[in-house]
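Okay, structure first, notes after.
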Amino acid sequence: MALFDGLKGSSGKNKAEKDAARSEKDKLKYMSMAYKEAERAFEEGDVPIGCIIVNEDGKVVGKAYNRRNRDGSTTSHAEILAIQQACKKCGDWRLEDCEMYVTLEPCPMCAGAILQARMKKVYIGATNSKAGCAGSVINLLQMDGFNHKVEVEKGLMGDQCSILIKEFFEELRQGGDI
């Protein structure tokens, strides 16, 4: 028994037990946090996408929302900003033990950053038929040939996330104050 004690964290659970322990309640909690970030983007007139990154202990190490318009920068996507925060908090560019919760399927740039960060898993709210790179247009996150593949789970709060995006673009087309 003592041989395996080194494989256990402070909670007494080994890595496999922690991986299996992420409950549906926890997943919904984290995606709800990402959704709140997306609402902030909407309020500021940007495409409502929110992102949360959680480490293996369930601690939020990155959270962000789309800020392309506010920052005037092509790269100010929620995923990129959350990855930057998480790397700072974790003290490493590798986020191998982290999971991402994002309200919209990542674009090519964000999917590339997720791969480069060696993210463990991505939970996606709504799919993105125009630019989604987790299977809708192309699946960069699980493509053969890359040195890393990311686990993907789609549809977590999918209807709510999809409705928020649709409402944003409807208001935009109608000339609303976005």
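Conditions tested, residue by residue: (1) open to solvent by 40 Å² or more (accessible area, probe 1.4 Å); (2) without any contact (Cβ under 8 Å) to a residue 60 or more places away in the chain; (3) closer than 17 Å to LEU28 by Cα.
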| site | (1), (2), (3) |
| --- | --- |
| VAL102 | no, no, yes |
| LEU115 | no, yes, no |
| MET143 | yes, yes, no |
| LYS166 | yes, yes, no |
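Can you name the residue in the range 46-85 that is farther than 24 Å from GLY158 by Cβ and small (Gly, Ala, Ser) and is also surrounded by the most Cβ atoms within 10 Å (Cβ to Cβ) among such residues? Outline the logic, then answer.
Residues of the range 46-85 farther than 24 Å from GLY158 by Cβ: 55-57, 59, 61, 69-76, 84-85.
Restricting the remaining residues to those that are small (Gly, Ala, Ser) gives 72-73, 76.
Details: GLY72: 8, SER73: 12, SER76: 17.
If we take residues in the range 46-85 being farther than 24 Å from GLY158 by Cβ and small (Gly, Ala, Ser), then SER76 is surrounded by the most Cβ atoms within 10 Å (Cβ to Cβ).
Can you tell me which residue within the range 146-158, out of those that are under 18 Å from ALA117 (Cβ atoms) and not basic (Lys, Arg), is most open to solvent (accessible area, probe 1.4 Å)?
ASN147
Could you list, in sequence order, all residues of the range 83-107 that are more than 18 Å from ALA126 (Cα to Cα) and of a type in the set (A, V, I, L, M)?
ILE83, ALA86, LEU95
In the range 51-71, how many are within 23 Å of GLY91 (Cα to Cα) and either assigned to a helix (DSSP H, G or I) or in contact with a Cys (Cβ under 9 Å, 6 or more places away or on another chain) (or both)?
The total comes to 10.
Taking only pairs six or more apart or across chains, which ones have beta-carbon atoms under 8 Å, a first residue in the range 24-35 that is farther than 16 Å from ASP57 by Cα, and a second residue that is open to solvent by 80 Å² or more (accessible area, probe 1.4 Å) and not in a helix (DSSP H, G or I)?
MET33/LYS63; ALA34/LYS63
Is it the case that ASP71 is over 16 Å from the mean Cα position of the chain (by Cα) and under 21 Å from ALA41 (Cα atoms)?
Spelling it out, ASP71 is indeed over 16 Å from the mean Cα position of the chain (by Cα) and under 21 Å from ALA41 (Cα atoms).
Among (1) at pLDDT below 95; (2) of a type outside the set (Lys, Arg); (3) over 17 Å from the mean Cα position of the chain (by Cα), where does PHE42 come up short?
Of (1) at pLDDT below 95; (2) of a type outside the set (Lys, Arg); (3) over 17 Å from the mean Cα position of the chain (by Cα), only one is false for PHE42: (1).
Would you mind telling me which numbered condition in (1) under 19 Å from SER76 (Cβ atoms); (2) in contact with a Cys (Cβ under 7 Å, 6 or more places away or on another chain); (3) not acidic (Asp, Glu) ILE165 fails?
With (1) under 19 Å from SER76 (Cβ atoms); (2) in contact with a Cys (Cβ under 7 Å, 6 or more places away or on another chain); (3) not acidic (Asp, Glu) applied to ILE165, the lone miss is (2).
The values are calculated or read from the model by the stated rules, or taken from the named source; none is laboratory data. No experiment lies behind these values; they were computed from the predicted model shown. Every residue, glycine as well, gets a Cβ built from its backbone with ideal geometry; the counts of neighbours run over all protein chains shown. Accessible surface is based on the protein model in full, side chains and every heavy atom, while ligands, DNA and RNA are left aside. Shrake-Rupley method; radii C 1.70, N 1.55, O 1.52, S 1.80 Å.
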